[in-house]
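A single structure is presented below for examination.
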Amino acid sequence: MKKFTLFGLIFIFSLNLAAQNVERSPLDPTRWGVVYDIPATKNVRVKPDVPYAGNLKIDIYSPPDAKTSDKLPAIVFLNAIGDRPGDKIKNWEIYKTFPRLVAAHGMVGISMEADGERIQENLRTLFEFLARDGANHGIDGTRLGIYAASANVTQTSRFLLADTSAPNVKAAVLYYGGAPDTSAKLRTDLPVLFILAESDAPRMGQQIATLWQRVMEAKAPWTLMYASRMPHAFDAFEDSDESRRIIQQTIAFWKSHLEAVPQPDWKKSETRAIVAAIYANNPQKSAELLSKYIAENPNDADAQIQYGRMLQQLQRYDEAILTYEKASKIAPNRAEIYSGIARTLLAQNRFDEALPVFEKAIKLDPNQPALYSDIGRDYICKKRFEEAATNISRAIEMGFRSSLLYGLLAYVQMASGKN
């Protein structure tokens, strides 16, 4: 038996009504608009049926206070499944009220007609039209966002996500429905907000896990939102503050990526850039920035310590030890200096030299469980298993717990004959 998406069922339902030429029932899902509203929506200006490709047209919703000279960012509410005779998606209430809501928030909303046999061509033509002629309609054709919901997500993702098409699209919102088609490499220049409704989650299962794994592998700028307690098409059917908050966040996502970000009045900070590189776990960039900083600030012990740590991560061990030794002359009682030296020696398999340096660090700061773990590892390398067990147990007692550490403890206990 063929499975239909909600959009497919909506089409069948609405086409039957159109064929019978009967008044639409209150249960017709196409008669329900977005569940979020603000007073300004009443004053939004609408320019209907603007041709963009042959007989295909768009409706343009502009902010109430928009000037003819304005060139505003726009959100395109995509029709990526096509229209049927007597039933145009842009006439569904959700595709009339949501673009109006966007316009009430200072952007332009656009709904569209499409030929179901030429979806990819229609999408390409529309974005080319907006880039070329958008200014004639108060639209900045270089700052476009999209909304694609339910069955529209599949064709939209094929068009937008896997290549460099429509470079004027700067933010994509994908609402519920199936997981996007991500068979090709994901774009890293397109922020995407993907909202998964709770009611859709059970049938998607592994698709979502696979999608998120691909997002992380591609380092693509995606945001995944799990819409708890939300049904499919919640933006039209779920009349609750929970649904409205998701819509608020959606509008904020578009505005964040399409409108200029207010700039601070301070100058860029060299030291903030160093901290950012360190917390980004980028030892190469951190070392480069720290080297320049230390040349001008040689007596900054914290800088020397961080530089030593970065050099150790880059396996520039001799330089790391020399840097730590410079730090020790500036701040001789800093435990992290000696733990850094000891860890560098340990990385060089200089176990006999590392142990007394670890012990010096412990004397300066006995409340560092990681040090006991490192001392335990040193003892393991020296095959002194009882001492290793004592120190690893101490680290665990102090809250430094991991499956690896428990495995090491089991190993050294067995090796030392203590179970």
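The values are calculated or read from the model by the stated rules, or taken from the named source; none is laboratory data. This structure is a prediction, so every number in the text was calculated from the model and none was measured. Cβ placement follows ideal geometry from the backbone for every residue including glycine, while neighbour counts extend to all protein chains displayed.
Tell me, yes or no, whether segment 243-250 has at least one residue that is touching a residue at least 40 places away in the same chain (Cβ under 8 Å), in contact with a strand residue (DSSP E or B) (Cβ under 9 Å, 6 or more places away or on another chain), among the charged types (D, E, K, R) and assigned by TED's automatic domain parsing to the domain that holds Phe77.
no
Residues in segment 392-399: is at least one in a loop (DSSP other than H, G, I, E, B) and closer than 13 Å to Ala370 by Cα?
Yes - at least one qualifying residue is present in segment 392-399.
Out of segment 360-419, which residues are more than 25 Å from Ala335 (Cβ to Cβ), within 42 Å of the chain's Cα centre (by Cα) and not hydroxyl-bearing (Ser, Thr, Tyr)?
Scanning segment 360-419 gives Gly407, Ala410.
When only residues in segment 260-294 that are in contact (Cβ under 8 Å) with a residue 12 or more places away in the chain and under 23 Å from the mean Cα position of the chain (by Cα) count, which is nearest to Leu311 (Cα to Cα)?
Ile278
Please go through segment 132-144 and pick out each residue that is crowded, with 23+ Cβ neighbours inside 10 Å and either over 20 Å from the mean Cα position of the chain (by Cα) or not assigned by TED's automatic domain parsing to the domain that holds Leu190 (or both).
Gly134, Ile139
If you don't mind, there's one more thing I want to ask. Need a quick list: strands (runs of 3 or more DSSP E) entirely within segment 37-131 having at least 3 residues that are surrounded by fewer than 20 Cβ atoms within 10 Å (Cβ to Cβ).
Ranges flagged: 45-53.
For the list (1) in contact (Cβ under 8 Å) with a residue 12 or more places away in the chain; (2) over 20 Å from Lys382 (Cβ atoms), I need the number of the one condition that Asp302 fails.
Tallying (1) in contact (Cβ under 8 Å) with a residue 12 or more places away in the chain; (2) over 20 Å from Lys382 (Cβ atoms), Asp302 fails exactly one: (1).
Further question on the same structure: Name the helices (runs of 4 or more DSSP H) wholly within segment 202-284 that hold at least 3 residues that are modelled with pLDDT of 95 or more?
234-237, 241-258, 270-279
What number goes with the only condition from (1) assigned to a helix (DSSP H, G or I); (2) under 41 Å from the mean Cα position of the chain (by Cα); (3) within 28 Å of Ala410 (Cα to Cα) that Asn349 does not pass?
Only one criterion is unmet by Asn349, namely (1).
What's the total number of residues in segment 145-158 that are touching a Ser or Thr at 6+ places or on another chain (Cβ under 6 Å) and either crowded, with 24+ Cβ neighbours inside 10 Å or more than 25 Å from Gly109 (Cα to Cα) (or both)?
1
Quick one: which residue in Thr344, Thr323 is part of a helix (DSSP H, G or I), β-branched (Val, Ile, Thr) and closer than 30 Å to Ala410 by Cβ? Even if it seems obvious, please write down each step before you answer.
Values: Thr323 fails: closer than 30 Å to Ala410 by Cβ.
That would be Thr344, the only listed residue that is part of a helix (DSSP H, G or I), β-branched (Val, Ile, Thr) and closer than 30 Å to Ala410 by Cβ.
Right, something else. For segment 149-162, check the following and say yes or no: at least one residue is within 15 Å of Leu211 (Cβ to Cβ), in contact with a His (Cβ under 8 Å, 6 or more places away or on another chain), touching a residue at least 24 places away in the same chain (Cβ under 8 Å) and of a type outside the set (D, E, K, R).
Among the residues of segment 149-162, not one is within 15 Å of Leu211 (Cβ to Cβ), in contact with a His (Cβ under 8 Å, 6 or more places away or on another chain), touching a residue at least 24 places away in the same chain (Cβ under 8 Å) and of a type outside the set (D, E, K, R), which makes the answer no.
Looking only at segment 101-109, decide whether some residue is at pLDDT below 95 and assigned by TED's automatic domain parsing to the domain that holds Thr250.
no
While we're here: Within segment 262-275, identify whether any single residue is surrounded by 14 or more Cβ atoms within 10 Å (Cβ to Cβ) and under 17 Å from Leu314 (Cα atoms), and answer yes or no.
Yes, segment 262-275 contains at least one residue that is surrounded by 14 or more Cβ atoms within 10 Å (Cβ to Cβ) and under 17 Å from Leu314 (Cα atoms).
Check whether at least one residue in segment 354-369 is in a loop (DSSP other than H, G, I, E, B), of a type in the set (Lys, Arg) and either in contact with a Leu (Cβ under 8 Å, 6 or more places away or on another chain) or surrounded by fewer than 21 Cβ atoms within 10 Å (Cβ to Cβ) (or both), and report yes or no.
As a first pass, look at segment 354-369 and keep what is in a loop (DSSP other than H, G, I, E, B): 365-368.
Retained after the next criterion (residues that are of a type in the set (Lys, Arg)): none.
No, there is no match, as no residue in segment 354-369 is in a loop (DSSP other than H, G, I, E, B), of a type in the set (Lys, Arg) and either in contact with a Leu (Cβ under 8 Å, 6 or more places away or on another chain) or surrounded by fewer than 21 Cβ atoms within 10 Å (Cβ to Cβ) (or both).
Taking the stated definitions as given, is Phe400 surrounded by 17 or more Cβ atoms within 10 Å (Cβ to Cβ) and of a type in the set (Phe, Trp, Tyr)?
no
Tell me, which residue of segment 95-148 that is in contact with a helix residue (DSSP H, G or I) (Cβ under 9 Å, 6 or more places away or on another chain) and hydroxyl-bearing (Ser, Thr, Tyr) is nearest to Val34 (Cα to Cα)?
If we take residues in segment 95-148 being in contact with a helix residue (DSSP H, G or I) (Cβ under 9 Å, 6 or more places away or on another chain) and hydroxyl-bearing (Ser, Thr, Tyr), then Thr97 is nearest to Val34 (Cα to Cα).
Now for a different question. Show the residue pairs meeting these rules: Cβ distance below 7 Å; 6+ apart or different chains; first residue within segment 310-321 and under 18 Å from Ala277 (Cα atoms); second residue loosely packed, with under 15 Cβ neighbours inside 10 Å and of a type in the set (Gly, Ala, Ser).
Once the first residue is under 18 Å from Ala277 (Cα atoms) and sits in segment 310-321, its partners that are loosely packed, with under 15 Cβ neighbours inside 10 Å and of a type in the set (Gly, Ala, Ser) give Gln312/Ala347.
Quick one: is Ala220 of a type outside the set (Val, Ile, Thr) and either buried (at least 17 other Cβ atoms within 10 Å of the Cβ) or touching a Ser or Thr at 6+ places or on another chain (Cβ under 9 Å) (or both)? Even if it seems obvious, please write down each step before you answer.
Working: of a type outside the set (Val, Ile, Thr): yes; either buried (at least 17 other Cβ atoms within 10 Å of the Cβ) or touching a Ser or Thr at 6+ places or on another chain (Cβ under 9 Å) (or both): yes.
It is true that Ala220 is of a type outside the set (Val, Ile, Thr) and either buried (at least 17 other Cβ atoms within 10 Å of the Cβ) or touching a Ser or Thr at 6+ places or on another chain (Cβ under 9 Å) (or both).
Looking at segment 170-201, which of the residues that are touching a residue at least 60 places away in the same chain (Cβ under 8 Å) and assigned to a strand (DSSP E or B) is farthest from Ala233 (Cα to Cα)?
Lys170
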